Amino acid sequence: MKNFINIADLSSNDLMSILEEAKKRKIKRKGFNKSAPDDDKPFEGKSMAMIFEKPSTRTRMSFDIAVKQLGGSTIILNPDGIHYGKGDETLKDTAKILTEYVDIVMLRTSEHKNLEEFGKHLEIPIINGLSDQSHPCQIMSDIMTFEEIKGPIKEKTISWIGDGNNNMSNSLIEAAGKFNFNLKIGCPKKYSPDKRILKWAKKNKVNLLVTHKPELAVAESDCIMTDKWVSMNDKVNKKLKKKNLKNYQVNKRLMSLAKLDAIFMHCLPVGRGEEVTDEVIDGNKSVVWTQALNRIHAQKSIINWCLGLG
Ligand code: CP
Ligand code: NVA
């Protein structure tokens, strides 16, 4: 059974073929209505259950539309409205029920271990729709977007500016290893990637630079990425964290230090005027709306990969 929990769990070949299928399917359905099914409907008669422990706009909607385009249906569950490892039912029993009812599960969780634990009890695949540790579906969509605009990401330079120790930066480091691109992280020392992911990067020979100088991180870059300074899961002094990250704002000056044709990415939701200025996110280098759209296409292929469809 194939789960999609972390980018590091998959081979480079599998990751690349997921994106190739996503690109092909996207082209093939040009001109279709937004929720019309693909011609082959590989997920027809099947369904996905989605559990959201935390808020979501893009993940919720893009998975729902992805499943419709594959010809299937979704059930969205609120953990407060079901017996989800609490009350008089164990997580194991809830997992057993989902196994009986649906074909695949997507979970957005505050605690990564919930994905692993739930996954252990399920007899159907589970997809990580964001945890405190990783956000692999978003990074797959981001790589697809980069490649659509700029060609193969292999050996290109991507810069990550701001909080260097969150779910997005972790998945990006794993992707740098799997897709073989150069990654430069510009962040304050206090928000540097954690030791575990740095160890993985070293072991997997990731071409990674971690610097506290944002200017150095964006030099020669093909793409500058950032994320909210305070993530949904962050139990920090928000005011202090934002103050510490003030010099890491992606603005016109920082963008001008990258390659002339560099693009700007953000997974959204965005803290306008904090990690990025309106001028950059609304400017002509920004591809944030395409990233959001491609969540649908990348996730269709992730579902197909998990179930051996497509
Ligand atoms: N980028 C992303 O995952 O957005 P949501 O939190 O809205 O799902
Ligand atoms: N790092 C952000 C990503 C949101 C999609 C968060 O976890 O809130």
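The angle between the Cα long axis of helix 167-179 and the main principal axis of the chain comes to about 90°, on a 0 to 90 degree scale.
Dividing the convex hull volume of the alpha carbon atoms of region 1-111 by its residue count, what do you get in Å³ per residue?
Numbers: hull volume 14.2 nm³, N = 111.
Normalising the Cα hull of region 1-111 by residue number yields 128 Å³.
To the nearest ten degrees, helix 12-28 and the longest principal axis of the Cα atoms of the chain are 80 degrees apart. Taking 0.36 nm per residue of separation and subtracting the Cα-Cα distance, full extension of the segment from Asn247 to Asp261 would add 2.7 nm.
Let me know the shape class of region 149-255, please: from the alpha-carbon gyration tensor, a ≥ b ≥ c as square roots of the eigenvalues, rounded when a/c is under 1.5, otherwise prolate if a/b is greater than b/c, or oblate. Cα axes put region 149-255 in the oblate bin. Charged side chains reduced to their Cβ positions (Lys and Arg at +1, Asp and Glu at -1) give region 138-211 a dipole of some 480 debye around its Cα centre. Farthest towards the positive end of the charge dipole of region 116-213, among the residues Asn167, Leu130, Pro188, is the Cα of Pro188, using unit charges on the Cβ of Lys, Arg, Asp and Glu. Spin-label model, Phe32 to Val270: label points 7 Å out along the Cα-to-beta-carbon direction sit 2.9 nm apart.
If you place +1 on the Cβ of every Lys and Arg and -1 on the Cβ of every Asp and Glu, how big does the dipole about the Cα centre of region 1-129 come out, in debye to the nearest 20? Don't skip to the answer; put the middle values down first.
Details: 21 positive and 20 negative charges, 156 e Å.
Computed about the Cα centre, the dipole is about 760 debye.
To the nearest 20 debye, what is the magnitude of the charge dipole of region 170-277 about its Cα centre, counting +1 on the Cβ of each Lys and Arg and -1 on the Cβ of each Asp and Glu? List each step's numbers first, then the result.
Details: 23 positive and 10 negative charges, 130 e Å.
Once rounded to the nearest 20, the dipole reads 620 debye.
When you count the other C-beta atoms within 10 angstrom of each residue and take the mean per peptide, 288-296, 255-263 line up highest first as 288-296, 255-263.
Peptides 224-232, 276-284 ranked from most to least packed give 224-232, 276-284, packing being the mean of other C-beta atoms within 10 angstrom over each peptide's residues. All C-alpha to C-alpha distances of region 64-149, sorted into 10 Å bins beginning at zero, yield P(r) values of 15, 44, 31, 8, 2, 0 percent in whole numbers.
With the simple model of a label 7 Å out from the Cα in the direction of the Cβ, Lys190 to Val236 spans 0.8 nm. Here the simple spin-label model places points 7 Å from the Cα toward Cβ, and for Lys199 and Ser73 these points are separated by 4.7 nm.
If packing is taken as the average count of other Cβ atoms within 10 Å, what order do 243-252, 137-146, 193-202 fall into, highest mean first? Walk me through the intermediate numbers first.
Numbers: 243-252: 16.6, 137-146: 26.5, 193-202: 14.6.
Ranked from most to least packed, the peptides come out as 137-146, 243-252, 193-202.
Relative to the longest principal axis of the Cα atoms of the chain, the long axis of helix 58-69 lies at roughly 50 degrees.
Find how much the distance from Ala219 to Leu293 grows on full extension, using 0.36 nm per residue of separation minus their present alpha carbon separation; answer in nm with one decimal. The partial results should precede the final answer.
On the way: separation 74, 0.36 × 74 = 26.64 nm, distance 2.83 nm.
Between Ala219 and Leu293, full extension yields an extra 23.8 nm.
Stokes-Einstein diffusion for region 217-259 at 25 °C, viscosity 0.890 mPa s, with a Kirkwood radius from C-alpha pairs, works out to 208 µm²/s.
Alpha-carbon geometry of the chain: the Rg and the Dmax are 19.1, 59 Å, given in that order.
Taken together, the values in this text are just the output of simple stated rules run on the coordinates, not laboratory data. It should be emphasised that the depicted structure is a prediction, and the values quoted were computed from it without experimental measurement. So basically every Cβ, Gly included, is an ideal-geometry build from the backbone, and we count neighbours across all protein chains shown.
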